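Each remark here refers to the structure printed beneath this line.
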Amino acid sequence: MPERRTVALVTLGCARNEVDSEELAGRLEADGWQLVEDAEEADVAVVNTCGFVEAAKKDSVDALLEANDLKGQGRTQAVVAVGCMAERYGKELAEALPEADGVLGFDDYADISDRLQTILSGGIHAAHTPRDRRKLLPISPAERQESAEAVALPGHAPADLPEGLAPASGPRAPLRRRLDGSPVASVKLASGCDRRCSFCAIPSFRGSFISRRPSDVLNETRWLAEQGVKEIMLVSENNTSYGKDLGDIRLLESLLPELAEVDGIERVRVSYLQPAEMRPGLIDVLTSTPKVAPYFDLSFQHSAPGVLRAMRRFGDTDRFLELLDTIRGKAPEAGVRSNFIVGFPGESEADLAELERFLNGARLDAIGVFGYSDEEGTEAATYDGKLDEDVVAERLARVSRLAEELVSQRAEERVGQTVQVLVESVESVESTGDGDGVYGRAAHQAPETDGQVLLTSGAGLRVGRMVEAKVVGTEGVDLVAEPLQGSYASPAWSEEAGR
């Protein structure tokens, strides 16, 4: 019997890339590939790259070079680039990085097994020629669903496959294979973006906005629950647009309660919301539906009107603060995070002061701050009024310091509150004699970006348990919480189950 082909997937970038990697893993496993965790143990190392900003591109190149260094030392025979950077640059990346044995675009995903086998056998699969993926679907959102089957949409594989296609996964399994045992998983709600922010190149290589059908999202969520997932995070480039191409811009409001009712799911979280597209009905659902986290990942980017208009975005400090007041009027403990760009072309000291005014009044739980740099192919790259790099660096440091101070203050405001903590790791602390270090996240904390909760006690707790706890302290943005008496007896936790 021939030895099984082995493959490792190395994922960089955002949660959307993680979903795409798990779809690739599902396709490969269904075609007989053995998935391994470490690239050095794989015949082929597949690096799912990020192409968003320069730092992410550098990380992607470094990962490809690191995987290439394994060739000749162990089992690894080939290194293949996929993902956003591969899609965006194609032949250019292949020429600049000959260490990669293959550069595959989204159109190759459906045939990923054949592509890898060709490369592994010493053949050559020509890197694709990049194209503007916005032009692959009709301009009218209402006409896109009919054309979707002819366009490669990573993460949109059918969620009701014939039994047996994905081994041991049941008749309604999606074309997806989990790559870790985390109790949290992302579910792709849509792909692409119709917005034309002047600093962002994502629509050009991810394409126009297109929603997944609610039945596919629900079936995938049910399957994930069967795999032990307790929290799902809905991801896309713009979740507030969900349903507009399906004839119902309010489809998310009806889908969220259905997802929350899936047996086994304890928490539903929605990421990436556009402030300009927030609707009263959506705010109501996010703040009042049991098991739906009152969590708002709002893409503000700035608050000075002039800078926002140059970014081709809408709003201002006062409108944004009014939006936050509306949210907190319905759910005072709601979590809010956002990202901001400083040093945008033409940004004045007054503009920066306006952003600081917003940050001081917003009480955000998590803040990401980035210094502007030109991104090729974007409108902003052609703007006059570019600031010197040292000015951008100084503003980045200044706003980052403020952000760190503000999120720490916001964390302190939560002392005394009761939070629902999803346990994500239990670490033995033998050296200190303090027992186990139990870490998780509350409803206002998204995975990896928004801090975590350290439980002061948790003997017998296991990953995936939901625990009610009282916040008793903070460590920067992180919380320290004490499990409440009786919370251990809930169905989500028990001494017996923890053993």
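The values are calculated or read from the model by the stated rules, or taken from the named source; none is laboratory data. Every value quoted in this text rests on a predicted model; they were computed, and no experiment measured them. Quick reminder, even Gly has a Cβ in these numbers, built from the backbone with ideal geometry, and neighbours come from all protein chains shown. These accessible areas exclude ligands, DNA and RNA; they are computed on the full protein's heavy atoms, side chains included. Shrake-Rupley method; radii C 1.70, N 1.55, O 1.52, S 1.80 Å.
At a glance:
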quantity: Candidate set from the stretch 298-313 (those that are of a type outside the set (D, E, K, R) and surrounded by fewer than 18 Cβ atoms within 10 Å (Cβ to Cβ)); member that is farthest from Ser241 (Cα to Cα); calculated: Gly306
quantity: Elements of type helices (runs of 4 or more DSSP H) contained in the stretch 184-283, each with 1 or more residues being among the hydrophobic types (A, V, I, L, M, F, W, C), at pLDDT 95 or above and touching a strand residue (DSSP E or B) at 6+ places or on another chain (Cβ under 7 Å); calculated: 251-260
quantity: Set Val415, Val391: member being β-branched (Val, Ile, Thr), surrounded by fewer than 19 Cβ atoms within 10 Å (Cβ to Cβ), out of contact with any Cys (no Cβ under 9 Å at 6 or more places or on another chain) and over 30 Å from Arg465 (Cα atoms); calculated: Val391
quantity: Scan of the stretch 35-67 for residues that are closer than 22 Å to Ala185 by Cβ and of a type in the set (S, T, N, Q), ordered by number; calculated: Asn48, Thr49
quantity: Number of positions in the stretch 174-200 that are open to solvent by 10 Å² or more (accessible area, probe 1.4 Å) and of a type outside the set (S, T, N, Q); calculated: 15
quantity: Among residues of the stretch 359-388, those that are more than 21 Å from Ser348 (Cβ to Cβ), open to solvent by 50 Å² or more (accessible area, probe 1.4 Å) and among the acidic types (Asp, Glu), counted; calculated: 1
quantity: Count - residues of the stretch 209-222 that are open to solvent by 10 Å² or more (accessible area, probe 1.4 Å) and either within 29 Å of His128 (Cβ to Cβ) or touching a residue at least 60 places away in the same chain (Cβ under 8 Å) (or both); calculated: 3
quantity: Residue ID - nearest to the chain's Cα centre (by Cα), chosen from residues in the stretch 293-334 that are without any contact (Cβ under 8 Å) to a residue 40 or more places away in the chain and in a loop (DSSP other than H, G, I, E, B); calculated: Phe314
quantity: Residue selected from the stretch 462-476 under the condition in contact (Cβ under 8 Å) with a residue 40 or more places away in the chain and over 26 Å from Ile265 (Cβ atoms), by the criterion least open to solvent (accessible area, probe 1.4 Å); calculated: Gly473
quantity: Output for the stretch 335-350, where each listed residue is of a type in the set (Gly, Ala, Ser), outside any strand (DSSP E or B) and surrounded by 18 or more Cβ atoms within 10 Å (Cβ to Cβ); calculated: Gly343
quantity: Asp59 vs. criteria touching a Ser or Thr at 6+ places or on another chain (Cβ under 7 Å) and either among the charged types (D, E, K, R) or over 16 Å from Val103 (Cα atoms) (or both); calculated: no
quantity: Selected residue (only one of Asp325, Asp316 is open to solvent by 30 Å² or more (accessible area, probe 1.4 Å) and either of a type in the set (A, V, I, L, M) or in contact with a Pro (Cβ under 7 Å, 6 or more places away or on another chain) (or both)); calculated: Asp316
quantity: Single residue of Lys244, Lys230 found to be touching a residue at least 24 places away in the same chain (Cβ under 8 Å), under 24 Å from Ala366 (Cα atoms) and open to solvent by 30 Å² or more (accessible area, probe 1.4 Å); calculated: Lys230
quantity: Cβ pairs under 7 Å, 6+ apart, first in the stretch 123-137 and within 24 Å of Ser113 (Cα to Cα) and touching a residue at least 60 places away in the same chain (Cβ under 8 Å), second open to solvent by less than 70 Å² (accessible area, probe 1.4 Å) and among the polar types (S, T, N, Q); calculated: Arg133/Ser204
quantity: Residue, surrounded by the fewest Cβ atoms within 10 Å (Cβ to Cβ), within the stretch 109-129, restricted to residues that are in a helix (DSSP H, G or I) and of a type in the set (Val, Ile, Thr); calculated: Thr118
quantity: Answer from Asn360, Asn339 - the residue that is more than 25 Å from the chain's Cα centre (by Cα) and in contact (Cβ under 8 Å) with a residue 40 or more places away in the chain; calculated: Asn360
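Each row is one residue, and each column tells you yes or no for (1) at pLDDT below 95; (2) assigned to a loop (DSSP other than H, G, I, E, B).
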{"position": "Leu402", "(1), (2)": "no, no"}
{"position": "Ala411", "(1), (2)": "no, no"}
{"position": "Val415", "(1), (2)": "no, yes"}
{"position": "Thr432", "(1), (2)": "yes, yes"}
{"position": "His444", "(1), (2)": "no, yes"}
{"position": "Thr449", "(1), (2)": "yes, yes"}
